[in-house]
Amino acid sequence: GLAALPLLGAILNFVSLPIHWLLILILALVFPVYKLIKEKFSALTTTPKIDLHQVLVLIFFGIILVTMVKGSFMYPWFEDTDPYSHATATRMIATLHTFSKPVDMYVTHYAEPYPQGMPIVMGILHQIEPRISTTLKFFNAFIVSISILFFYYFTKLFTKNAKIAVYATGLYATLPSAHSHFIYSQSYGLTLFFPALYALLLVKNNKWWILPSAIAI
């Protein structure tokens, strides 16, 4: 879903439909609702199994998320100049519901024709959270932190060993070079790196995994 949002936003923009959170929510619910009805809502009564390894990874995720969110909100400003440009592109998409800016309108060099990946995601979220600083700071920290979960599941599949995966995830969570609270598209790209690799590993079992792997890549 996180990987598909920019693609979905680009498709909506191409067919002149608004990049609006309500429309995207409706489109996102079509398949899950269909599956629930088809399976007679049996998925709602299924209890998910959570083991100790997953609990530890969730703790890693929580610690990094709290640390990054707290650090970002210690001051009212953004870091450096790039986040302000991202904020401008985000505000335009959230307000106009498109990333095709008027020809006589200069927004920022991060607007079109710059690839609109993260601005689409943040623009959708900004329609729900009115404060641009809160939108960018919190959701950037969340996207970066959730890479810890993605990393764990990829490593678990790759090594076929949950203990090794937890140990590797603990190392990954403590690497300063792996995380940053700077609001920049590289953080978003790094997070999608692990779902992409996860999907690629599953292609050998089911060729249809080519589709989600292509979207993530």
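Some points to look at:
- Think of the stretch 6-82 as a dipole: +1 on every Lys or Arg Cβ, -1 on every Asp or Glu Cβ, centred on the Cα centre; then among Leu17, Ile50, Phe60, Ile50 lies furthest on the positive end.
- For the set His109, His20, the ranking by accessible area, highest first and with no ligand, DNA or RNA atoms included, is His109, His20 under a 1.4 Å probe.
- Part-to-part distance (alpha-carbon centres) for the stretch 192-217 and the stretch 89-103, which is given in Å: 31 Å
- Here the alpha carbons of the stretch 69-215 define both size measures, Rg and Dmax, at 17.5, 57 Å.
- A straight Cα-to-Cα reach below 19 Å connects Lys163 with the lysines Lys49, residues fewer than 8 places away in its own chain not being considered.
- Projected-area mean, the stretch 133-217, by convex hull of Cα positions, square nanometres: 5.9 nm²
- For the stretch 91-217, accessible area per residue (1.4 Å probe, heavy atoms of protein chains only), Å²: 53 Å²
- Charge dipole magnitude, Cβ of K and R +1, D and E -1 - the chain, Cα centre, debye nearest 20: 840 debye
- Candidate residues Leu211, Leu17, Leu56: accessible-area rank, largest first, probe 1.4 Å: Leu211, Leu17, Leu56
- Residue (of Ala89, Val69, Val107) at the positive-pole extreme of the chain, dipole from beta-carbon charges: Val69
- Pairs of Cα atoms nearer than 8 Å and 6+ residues apart set the relative contact order; for the chain it is 25 percent.
- Here the spin labels are modelled as points 7 Å beyond Cα on the Cα-Cβ line, and at Asp82 and Leu96 they lie 2.4 nm apart.
- Accessible surface calculations at 1.4 Å, restricted to protein heavy atoms, place the stretch 1-41 at 71 Å² per residue.
- Estimated dipole of the stretch 1-105 in Debye, rounded to 20 [Cβ of Lys and Arg +1, of Asp and Glu -1, Cα centre]: 480 debye
- Coordinate range of the alpha-carbon atoms in the stretch 1-105 per principal axis, descending: 54, 40, 17 Å.
- Alpha-carbon centroids, the stretch 106-185 and the stretch 1-37: separation in whole Å: 20 Å
- Of the solvent-accessible surface of the chain, computed with a 1.4 Å probe over protein heavy atoms with every protein chain present, carbon and sulfur atoms account for 73 percent.
- Efficiency of FRET between Tyr106 and Leu27 - r from beta-carbon atoms, R0 30 angstrom, step 0.05: 0.45
The values are calculated or read from the model by the stated rules, or taken from the named source; none is laboratory data. Keep in mind that this is a model prediction, so the values were computed, not measured. Note that each Cβ is placed from the backbone with ideal geometry, even for glycine, and that neighbours are counted across all protein chains shown. Note: accessible area is taken over every heavy atom of the protein model, side chains too, but ligands, DNA and RNA are not part of it. Shrake-Rupley method; radii C 1.70, N 1.55, O 1.52, S 1.80 Å.
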